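Colleague: Before I ask anything, here is the structure I am working with.
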Amino acid sequence: MFTSCKKDDAATAVILQSNEYTIFDVANSGITGKATFTQEDNGSTHVLIELNGADTSTNPAYINFNSAAEGGDIAITLSVCTCSISDTTITQLDNGNSITYEGLLSLNGHITILDDNGNIIAVADIGSNSN
């Protein structure tokens, strides 16, 4: 059984469609995985991160602006990956601006996964950078 803290800002919803991104390791960390963005009928987007190669530690996760190669400021703070899983439902950026599923799919952004020391150990280009 998995238990974790969640950062949810929307009620339970019905899944409409989803898109998956591959998470790649950084600096031979051995941490890979996938991120699944799911559009829900209440206007929210569910972001599920599933890591491979991570141990039972906690790994902070973020959606940042720009590509992974460029780096960028944090757009959305995701739930911490606990036991290799992060599960977040979102409707807005950290600055309070609304964002939809379509907005995330076109965002100039990337996901970063950090270790306990704040080092980037895995990334995934998302939105307009995933092509």
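The values are calculated or read from the model by the stated rules, or taken from the named source; none is laboratory data. Values in this document were obtained by computation on a predicted structure and should not be read as measured data. Neighbour counts run over all protein chains shown; Cβ positions are idealised from the backbone, glycine included. Remember, those area values only see protein heavy atoms, side chains included, never the ligands or the DNA or RNA. Shrake-Rupley method; radii C 1.70, N 1.55, O 1.52, S 1.80 Å.
Colleague: So I126 ticks every box in (1) over 27 Å from N42 (Cβ atoms); (2) outside any loop (DSSP other than H, G, I, E, B); (3) among the hydrophobic types (A, V, I, L, M, F, W, C) but one. Which box is left unticked?
Modeller: (1)
Colleague: Picking from S106, S130, S98, S44, which residue would you name as being open to solvent by less than 20 Å² (accessible area, probe 1.4 Å) and not β-branched (V, I, T)?
Modeller: Just a single option satisfies the conditions, and that option is S44.
Colleague: Could you grab me the full set of residues in region 1-16 that are outside any loop (DSSP other than H, G, I, E, B) and either at pLDDT 95 or above or under 22 Å from D115 (Cβ atoms) (or both)?
Modeller: Scanning region 1-16 gives a single hit, K7.
Colleague: Could you tell me whether region 69-85 includes any residue that is of a type in the set (S, T, N, Q), out of contact with any strand residue (DSSP E or B) (no Cβ under 6 Å at 6 or more places or on another chain) and within 19 Å of S18 (Cβ to Cβ)?
Modeller: So far as region 69-85 goes, no, none of its residues is of a type in the set (S, T, N, Q), out of contact with any strand residue (DSSP E or B) (no Cβ under 6 Å at 6 or more places or on another chain) and within 19 Å of S18 (Cβ to Cβ).
Colleague: Next question, about the same structure. Being in contact (Cβ under 8 Å) with a residue 60 or more places away in the chain, over 19 Å from F24 (Cα atoms) and buried (at least 16 other Cβ atoms within 10 Å of the Cβ) is the requirement here; does T89 meet it?
Modeller: yes
Colleague: Then there is this: Condition first: closer than 20 Å to N95 by Cβ and either part of a strand (DSSP E or B) or charged (D, E, K, R) (or both). Now tell me which residues in region 22-72 satisfy that.
Modeller: F37, T45, V47, P60, A61, Y62, I63, N64, F65, E70
Colleague: What do you reckon, is A75 buried (at least 16 other Cβ atoms within 10 Å of the Cβ), in a loop (DSSP other than H, G, I, E, B), under 14 Å from the mean Cα position of the chain (by Cα) and modelled with pLDDT of 95 or more?
Modeller: no
Colleague: Could you check how many residues of region 78-97 are touching an Asp or Glu at 6+ places or on another chain (Cβ under 9 Å), outside any loop (DSSP other than H, G, I, E, B) and of a type in the set (V, I, T)?
Modeller: Result for region 78-97: 4.
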